[in-house]
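Working notes, structure below.
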Amino acid sequence: MTPPVVFLIFNRPAVTARVFEAIRQARPRQLLVVADGPRTDRPGEAELCAATRRIAETVDWPCELLTDYSERNLGCGRRISSGIAWAFGQVEDAVFLEDDCLPDPSFFPFCAEMLARYRDDDRVMLVSGDNFHGGRRRGEADYFFSRYHHIWGWASWRRAWRHYDFAMAGWPALRKAGWLENLVADRVMQDYWRECFDSVAEGRLDTWDYQWLFSAWTKGGLAITPQVNLISNIGFGADATHTTRVDRRLLPPLGQLAFPLRHPSSVAIHAEADRYEERQIFLRWQSRAKRRLRRLARRLSGLSGSPERLE
């Protein structure tokens, strides 16, 4: 049976309809819909939000429908994190899909089995549907464990989410104590995550997922990653919040898991897989961001007539 599904939506009826159809095919026993409110400075957005909500409410199978709608716009960080907290106030575990995360049908039974198998294992805090490893297998099982988790389709438990810290109140003290240096071996990656966590803690970045990763790391929590990619992000484009430009590395082909699943012999980080993510995903993001900053600095120096070097 498909676990409860939490559907996180906003103002995009077209992609919402495609993901909702995948949910309808899975026929979860509970559907919890979380929606942000329209922005007052965007003409027509209220109508788009209303149309999107109507799509997510067209339940035609035996299912309890619960809704958590905000009438004002809370933004990505506050709305998603508060919606997840609300959902875990209703259910013990759940599958989470945003409006642009289209799952393969095998994603739902995979999550159901993982949620049941690791329900009482505090070492495991998240089940991801994403795999960005380009077809590389990590062991003989159908999934592996990672320090890094991805949230384009995921599942978790109330017991894990209770550690979530939106404000990252514990970060300044941990930063000063060298906690990150003891956790991540690569110095470049230490710089990367330090900047990410600083950006969130200082309010420069409106998001919710870096806080989720930080909260998991403070508890030594691991993520489950399937051997094949089970989620297709169909939301890249100008109307997206973060994924405004298409990045082919983040659009791997959709795969499918076969059942019964083969399980790892132990719950432990797959070190080679994590090194691959650091080199091929996170460091490339960092390099691309630095290039953008250098281009911006050159443009600004040209305008001001006082060139500055950006390290």
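Consider residue 24 carefully, then state whether it is more than 19 Å from the chain's Cα centre (by Cα), farther than 24 Å from residue 157 by Cβ and not aromatic (Phe, Trp, Tyr).
yes
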Report task. Return yes when residue 204 is modelled with pLDDT under 95, basic (Lys, Arg), out of contact with any His (no Cβ under 7 Å at 6 or more places or on another chain) and more than 27 Å from residue 82 (Cα to Cα) and no when it is not. Result -> no
Query raised in the report: For the stretch 224-235, which residues satisfy the criterion of being buried (at least 24 other Cβ atoms within 10 Å of the Cβ) and more than 16 Å from residue 135 (Cβ to Cβ)?
Result: 224
Requested in this report: Can you run down the residue pairs with Cβ atoms below 8 Å, 6 or more apart or on separate chains, where the first is in the stretch 88-99 and more than 28 Å from residue 234 (Cα to Cα) and the partner is surrounded by fewer than 21 Cβ atoms within 10 Å (Cβ to Cβ) and among the aliphatic types (A, V, I, L, M)?
Outcome: 90/66
Query raised in the report: Which one of these does residue 242 not meet: (1) at pLDDT 60 or above; (2) exposed (fewer than 14 other Cβ atoms within 10 Å of the Cβ); (3) within 26 Å of residue 160 (Cβ to Cβ)?
Result: (1)
**Report entry** Enumeration of residues in the stretch 1-43 that are among the acidic types (Asp, Glu) and either touching a strand residue (DSSP E or B) at 6+ places or on another chain (Cβ under 8 Å) or buried (at least 21 other Cβ atoms within 10 Å of the Cβ) (or both)
**Finding:** 36
Report summary line: So, first residue in contact (Cβ under 8 Å) with a residue 24 or more places away in the chain in the stretch 14-41, second residue among the basic types (Lys, Arg), Cβ within less than 7 Å, six or more apart or across chains; the pairs are 35/53; 36/79; 37/72
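Could we say that residue 121 is assigned to a loop (DSSP other than H, G, I, E, B), farther than 17 Å from residue 230 by Cβ and either within 15 Å of the chain's Cα centre (by Cα) or not aliphatic (A, V, I, L, M) (or both) here? So that I can check it myself, show each step before the final result.
On the way: assigned to a loop (DSSP other than H, G, I, E, B): yes; farther than 17 Å from residue 230 by Cβ: yes; either within 15 Å of the chain's Cα centre (by Cα) or not aliphatic (A, V, I, L, M) (or both): yes.
Criteria met by residue 121.
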Report task. Could you list, in sequence order, all residues of the stretch 253-271 that are closer than 15 Å to residue 112 by Cβ and either in contact with a strand residue (DSSP E or B) (Cβ under 9 Å, 6 or more places away or on another chain) or among the basic types (Lys, Arg) (or both)? Result -> 257, 261, 263
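Looking at the structure I just gave you, is residue 160 in contact (Cβ under 8 Å) with a residue 24 or more places away in the chain, under 21 Å from residue 98 (Cβ atoms), surrounded by 15 or more Cβ atoms within 10 Å (Cβ to Cβ) and not aromatic (Phe, Trp, Tyr)? I'd like the intermediate steps shown before the answer.
Values: in contact (Cβ under 8 Å) with a residue 24 or more places away in the chain: yes; under 21 Å from residue 98 (Cβ atoms): yes; surrounded by 15 or more Cβ atoms within 10 Å (Cβ to Cβ): yes; not aromatic (Phe, Trp, Tyr): yes.
For residue 160, the condition - in contact (Cβ under 8 Å) with a residue 24 or more places away in the chain, under 21 Å from residue 98 (Cβ atoms), surrounded by 15 or more Cβ atoms within 10 Å (Cβ to Cβ) and not aromatic (Phe, Trp, Tyr) - is met.
Mind checking which residues of the stretch 118-141 are hydroxyl-bearing (Ser, Thr, Tyr) and either exposed (fewer than 12 other Cβ atoms within 10 Å of the Cβ) or modelled with pLDDT under 95 (or both)? It would help to see each step written out before you state the result.
Filtering the stretch 118-141 down to residues hydroxyl-bearing (Ser, Thr, Tyr) leaves 118, 128.
Of everything in the stretch 118-141, nothing turns out to be hydroxyl-bearing (Ser, Thr, Tyr) and either exposed (fewer than 12 other Cβ atoms within 10 Å of the Cβ) or modelled with pLDDT under 95 (or both).
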**Report entry** residue 152 being under 16 Å from the mean Cα position of the chain (by Cα) and surrounded by 19 or more Cβ atoms within 10 Å (Cβ to Cβ)
**Finding:** yes
Query raised in the report: For the stretch 266-278, how many residues are in contact (Cβ under 8 Å) with a residue 40 or more places away in the chain and farther than 13 Å from residue 185 by Cβ?
Result: 7
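Give, as residue ranges, the helices (runs of 4 or more DSSP H) completely inside the stretch 169-228 that count at least 1 residues that are free of Cβ contacts under 8 Å to residues at least 12 places away in the same chain and among the basic types (Lys, Arg). Give the derivation first.
Values: elements: 171-177, 179-183, 187-201, 209-218.
Filter on the stretch 169-228 gives 171-177, 187-201.
Test residue 106 against the stated conditions and say whether it is out of contact with any Lys or Arg (no Cβ under 8 Å at 6 or more places or on another chain), surrounded by 21 or more Cβ atoms within 10 Å (Cβ to Cβ) and among the small types (Gly, Ala, Ser).
No; evaluated as a whole, the condition is false for this residue.
The values are calculated or read from the model by the stated rules, or taken from the named source; none is laboratory data. Please read all numbers here as calculations on a predicted model, not as lab measurements. We place every Cβ from the backbone using ideal geometry, glycine too, and count neighbours over all the protein chains shown.
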